[in-house]
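First up is the structure itself, then whatever we jot down about it.
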Amino acid sequence: ARDLGIAPLEIRTAAGADYLIKVVDAYTNAAALDIYVRGGDTANVMVPLGKYNLRYATGRTWYGYAYLFGEETSYNQADSTLTFSDDGTQISGYTLTLYQVSNGNMRTNRIPASQF
């Protein structure tokens, strides 16, 4: 049985491009969930407890899961692993902003499409 999502994840985006975000188990590389966010919107989802890597594809025109954003798709992965945990009194989650912010604390690297 899969764990239910109980840890909060908020993802904020800037207008101008849409995002397909993959939350991927840091150990098994299995995708825990996909989140589609329109540029300028904020998504709030619940994630199962665990350690995850965040990958995202971004672009202006969505062509569906087979082609994502077409030839202009940009693929990225966050450098740091996100740990969603429950210490008995509090469940930890994250708020991520997927656009350039000054003094941001999450770095991302471009990745090839094959790693998405």
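The values are calculated or read from the model by the stated rules, or taken from the named source; none is laboratory data. Quantities reported herein were computed from a predicted structural model and do not represent experimental measurements. Counting neighbours? That spans all protein chains shown, and the Cβs are built from the backbone with ideal geometry, glycine included. With ligands, DNA and RNA removed, areas are computed over all heavy atoms of the protein, side chains included. Shrake-Rupley method; radii C 1.70, N 1.55, O 1.52, S 1.80 Å.
Just a few scattered comments:
- Condition met for Ser80 (closer than 17 Å to Ala17 by Cα, of a type in the set (Gly, Ala, Ser) and within 15 Å of the chain's Cα centre (by Cα)): no
- Any chance Leu33 is under 30 Å from Gly88 (Cβ atoms) and not in a loop (DSSP other than H, G, I, E, B): yes
- In the set Asn44, Asn29, only one residue is on the phi > 0 side of the Ramachandran plot and open to solvent by 50 Å² or more (accessible area, probe 1.4 Å); that residue is Asn29.
- Filtered residue count, the range 47-63, keeping only those that are open to solvent by less than 20 Å² (accessible area, probe 1.4 Å) and outside any strand (DSSP E or B): 1
- Every condition in (1) under 21 Å from Pro112 (Cβ atoms); (2) not in a strand (DSSP E or B) is met by Gly16 except one, and the failing one is (1).
- Considered as a group, the residues in the range 1-26 that are small (Gly, Ala, Ser) and closer than 26 Å to Gly64 by Cα include one that is surrounded by the most Cβ atoms within 10 Å (Cβ to Cβ), and that residue is Ala17.
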